[in-house]
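Some notes on the structure that comes next.
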Amino acid sequence: MISMREVEKHYGDLHVLRSINLDVPARQVAVVVGPSGSGKSTLCRTINRLEPIDSGEIHVDGQRLPDEGRDLARLRADVGMVFQSFNLFGHHTVLDNVTLAPLKVRRSARAAAREEAMELLARVGIADKADRFPAELSGGQQQRAAIARSLAMRPKVMLFDEPTSALDPEMVGEVLDVMTSLAEEGMTMVVVTHEMGFARCAADRVLFMDGGRIVEDAPPEEFFGSPRGERATSFLASIL
Ligand code: ADP
Ligand code: MG
């Protein structure tokens with residue numbers, strides 16, 4: 001579903017992605033961990049082409065990522081992304097946040113878009129908040145609304161970049177629960193997170209990034225269980 005070949009990315013002199021080769025098959029959940037600045041966010045942002053790459057190739061569902069233009073909008077619809085900050089539109093209700101893109105980009109009919117949005121809000125457990133504004137919701141509810149909004153585009157892939165890092169601890173679980181059911185339903189997911197409980201339970205594999213490279217790539221039981229590189233060991237020690 002996602003294929004990255006020899007992807008390189010610089011910001012000026014800074015070499016942020018180095019020779020990235022990664023294949024994520026459909027229905028797989030890849031959890032990405034690693035120290036701050038190792039390139040995790042940049043990796044995600046290249047997969048939905050929020051960031052251009054310098055060289056290499058990225059394919060999503062067999063389609064090579066285009067450099068610009070119309071195809072880019074279609075690609076972005078295929079690849080949903082949820083960020084640390086919830087990025088909801090503050091002056092729209094929760095329901096409108098979820099229907100806006102389907103109405104605009106997919107040109108869905110209004111009634112169908114609302115019906116589907118209500119189903120998604122029910123799925124993430126906040127159907128009762130449909131007519132509220134984002135500021136009236138807790139952080140966990142806002143992040144669940146952001147997930148519903150992404151799902152409304154019927155993406156083939158979902159990217160999560162530290163989706164629980166800005167949440168109060170008591171709200172982390174409700175967001176991880178939604179992500180876990182999404183994984184169980186077979187969504188292809190790339191998840192940057194420091195929630196090792198989620199990685200153990202929901203991940204098919206754990207990627208450890210360091211200095212712009214993927215330096216470990218192993219199933220969770222192996223990543224957490226067996227001897228691993230020194231950097232990954234000290235990283236794990238620092239967050240557990
Ligand atoms: P992570 O998500 O693992 O913390 P990032 O992908 O955000 O890492 O960043 C990787 C490196 O690229 C860091 O050194 C960061 O400072 C740098 N960086 C990220 N975004 C930009 C940008 N837009 N311009 C310049 N440097 C950036
Ligand atoms: Mg980051």
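The values are calculated or read from the model by the stated rules, or taken from the named source; none is laboratory data. Note that the structure is a prediction, hence the values are computed from the model and not measured. Cβ: placed from backbone, ideal geometry, glycine included. Neighbour counts: every protein chain shown. Heavy atoms of the whole protein, side chains included, go into the accessibility calculation; ligands, DNA and RNA do not. Shrake-Rupley method; radii C 1.70, N 1.55, O 1.52, S 1.80 Å.
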query = How many residues are modelled with pLDDT under 95 and open to solvent by 30 Å² or more (accessible area, probe 1.4 Å) when one looks only at segment 138-164?
reply = 1
ask   = Applying the selection to segment 114-137, what residues are of a type in the set (A, V, I, L, M) and either under 23 Å from Gln84 (Cβ atoms) or modelled with pLDDT under 95 (or both)?
value = Leu120, Leu121, Val124, Ile126, Ala135, Leu137
Checking Gly173 against (1) under 24 Å from Gly37 (Cα atoms); (2) in contact with a Gly (Cβ under 9 Å, 6 or more places away or on another chain); (3) at pLDDT 95 or above, the condition it does not meet = (1)
request  = Search segment 161-185 for residues that are of a type in the set (Phe, Trp, Tyr) and pair each with any residue that is assigned to a helix (DSSP H, G or I) and open to solvent by less than 20 Å² (accessible area, probe 1.4 Å) when their beta-carbon atoms are under 8 Å apart and the residues are at least 6 apart or on different chains.
outcome  = none
inquiry  = Condition first: within 16 Å of ligand 1 (Cβ to nearest atom) and either within 21 Å of Ala127 (Cα to Cα) or assigned to a loop (DSSP other than H, G, I, E, B) (or both). Now tell me which residues in segment 160-180 satisfy that.
reply    = Glu162, Pro163, Thr164, Ser165, Ala166
query = Does segment 1-60 hold any residues that are closer than 23 Å to Thr233 by Cβ and free of Cβ contacts under 8 Å to residues at least 24 places away in the same chain, and which are they?
reply = Ser36, Gly37
Check on Val157, within 16 Å of ligand 2 (Cβ to nearest atom) and under 30 Å from Ala112 (Cβ atoms) = no
message = Among the residues of segment 28-78, what is the count of those that are modelled with pLDDT of 85 or more, acidic (Asp, Glu) and away from ligand 2 (no atom under 16 Å from the Cβ)?
response = 4
inquiry  = Pairs needed: first member in segment 228-240, within 14 Å of Asp217 (Cα to Cα); second member anywhere, among the aromatic types (Phe, Trp, Tyr); C-beta distance under 9 Å; at least 6 residues apart or different chains.
reply    = Arg228/Phe208; Gly229/Phe208; Arg231/Phe208; Ala232/Phe208; Ala232/Phe223
ask   = Do you know which residues across segment 62-92 are out of contact with any Ser or Thr (no Cβ under 9 Å at 6 or more places or on another chain) and at positive phi?
value = Gly69, Asn87
query = Which condition number does Phe89 fail, the rest of (1) loosely packed, with under 15 Cβ neighbours inside 10 Å; (2) touching a Lys or Arg at 6+ places or on another chain (Cβ under 7 Å) being met?
reply = (2)
ask   = Among the residues of segment 175-210 satisfying the criterion of being within 14 Å of ligand 2 (Cβ to nearest atom) and surrounded by fewer than 21 Cβ atoms within 10 Å (Cβ to Cβ), which is farthest from Phe160 (Cα to Cα)?
value = Asp210
remark   = Taking segment 211-240 and the residues there that are buried (at least 16 other Cβ atoms within 10 Å of the Cβ) and among the small types (Gly, Ala, Ser), the one that is nearest to Val190 (Cα to Cα) would be Ala218
ask   = Going by the structure shown, is Phe83 of a type outside the set (D, E, K, R) and either without any contact (Cβ under 8 Å) to a residue 12 or more places away in the chain or surrounded by fewer than 14 Cβ atoms within 10 Å (Cβ to Cβ) (or both)?
value = no
inquiry  = Looking at Leu103, Leu95, Leu65, Leu72, can you tell me which residue is open to solvent by less than 80 Å² (accessible area, probe 1.4 Å) and touching a residue at least 24 places away in the same chain (Cβ under 8 Å)?
reply    = Leu95
